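Student: Got a structure for you, questions after.
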Amino acid sequence: KCFDEIAKRCPLIKDINVGGSTFSSMQIDNKALLMLPSIFPHLTAIRLNTSRVTGQGVVSFCRTIGDRLTSLRIFEWFNTTQPLTDLHLKEISSFCPNLERFDFYFCSRAKKARGDSMPEVFGTQGVLDLLTKCKNLKSLHLQECMDTIGMQVYEYILKNDHLLLESLFIVDHPQLYKDETLKARLASRLSSFEVWTDQRYTKFFTSLRNNGEARPFW
C-alpha cells in the first residue's frame with residue numbers, strides 16, 4: 001500500500017532505495033520486491049538489502065524488470081541464509097544486459113566478530129559474467145566479498161579494451177591491495193579506481209562520524 005501511494009504521487013520515479021544502507025530499517029521481502037517493476041513502470045535503478053530477500057528473489061526481480069534495469073546496488077546482511085551466488089549473477093546478467101552499475105556490500109563484520117561461519121557468496125565466475133554479458137557496465141563496487149574473487153577478474157578488465165568499465169571500487173582484497181603493479185595498470189586503464197583495506201574503510205567512516213559529517217553509502 002505504501003508503494004502504491006508513492007507511485008500515485010510520484011509516477012515517474014526511476015530510482016528507489018528500499019533498504020540499501022546499514023542505517024535503514026526497511027526490510028522488503030521477495031513478494032514486495034517482485035511487485036516494484038509494475039508499481040513503478042519507469043524504474044531503472046534500485047538499492048536494497050537482503051535481510052528478507054533471497055538470492056533467488058533478486059533473480060526473480062531482475063527477470064521481471066528485464067533490460068530496463070541500469071543500476072543494482074545490494075547490501076547483503078551478514079545473517080542472510082540464501083546469499084547471492086555465481087549462478088544468481090549469471091542469471092541477473094542475462095536478464096539485465098543493460099546494467100551500468102553493480103554494487104555489492106557483504107556486511108560480514110558482526111558475524112566474523114562472533115566467530116560464526118560465513119555463507120559463501122559469488123566469486124570470480126559471477127563477476128566475469130557481469131563483465132561479459134552486461135556490455136554497458138561502467139561502475140563496479142565490491143566490498144567484503146573478496147575472498148572468493150580471483151585476480152583473473154582484474155586481468156580480464158585490463159586485457160579487454162572493449163569494456164566500458166570506468167569506475168572500480170574494491171574494499172578488503174589483500175592480494176590486490178599488495179600488488180602495486182596491477183594497481184598501477186588498473187589506475188591507468190580506468191577513470192576511477194580505488195582499492196581500500198577494511199581497516200582504512202572503517203577508519204574513514206569513523207572519522208566522518210566523529211566530525212559530524214554525513215556518511216555516504218556507495
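Student: In region 131-215, with Lys and Arg counted as +1 and Asp and Glu as -1 at Cβ, which of these residues, LEU164, LEU186, TYR154, has the Cα nearest the positive end of the dipole, that is, farthest along it?
Tutor: It is LEU164.
Student: What span do the alpha-carbon atoms of region 1-72 cover on each of the three principal axes, reported in whole Å from largest to smallest?
Tutor: Largest first, region 1-72 extends 27, 26, 19 Å along its Cα principal axes.
Student: Once you have the Cα-Cα distance between LYS31 and ARG9, take 0.36 nm times their residue separation minus that, and quote the gain in nm to one decimal.
Tutor: 5.7 nm
Student: I've got another one for you. Where the only charges are on Cβ atoms (+1 Lys, Arg; -1 Asp, Glu), what is the dipole of the chain about its Cα centre, to the nearest 20 debye?
Tutor: Roughly 460 debye, rounded to the nearest 20.
Student: Report relative contact order for the chain in percent, whole number only (criteria: Cα-Cα under 8 Å, sequence separation at least 6).
Tutor: Relative contact order here is 13 percent.
Student: Going highest first, how would you order 44-50, 33-39 by mean Cβ packing within 10 Å?
Tutor: So the peptides 44-50, 33-39, ranked by packing, come out 44-50, 33-39.
Student: Moving on to the next point. Rank by packing, highest mean first: peptides 6-15, 52-61, 203-212, with packing defined as the count of other Cβ atoms within 10 Å averaged across residues.
Tutor: Those peptides, ordered most packed to least, come out 52-61, 6-15, 203-212.
Student: Past 30 Å, Cα to Cα, is the threshold; run LYS14/LYS159; LYS90/LYS159; LYS14/LYS183; LYS90/LYS183 against it and keep the listed order.
Tutor: Too far apart for the 30 Å limit: LYS14/LYS159; LYS14/LYS183.
Student: Show me the three semi-axes of the equivalent ellipsoid for the chain, from the C-alpha gyration tensor (sqrt of 5 times each eigenvalue), largest first, rounded to whole Å.
Tutor: Rounded to whole Å, the semi-axes are 27, 22, 17.
Student: Which longest run of the chain has no exposed loop site in it, a site being GluC sites (Glu not before Pro) in a DSSP loop with at most 16 other beta carbons within 10 Å, and the site itself not part of the run?
Tutor: 1-119
Student: Taking the simple approach of a point 7 Å from Cα along Cα-to-Cβ for both THR64 and THR197, what is their distance in nm?
Tutor: Here the modelled spin labels are 4.4 nm apart.
Student: Between SER38 and ASN98, what is 0.36 nm times their sequence separation minus the Cα-Cα distance? Round to one decimal in nm.
Tutor: 19.7 nm
Every number here is computed from the coordinates shown, using simple stated rules; none is lab data. Remember, predicted model here, so these are calculated numbers, not experimental data. All Cβ positions, even for glycine, are placed from backbone atoms using ideal geometry, and neighbour counts span all protein chains on display.
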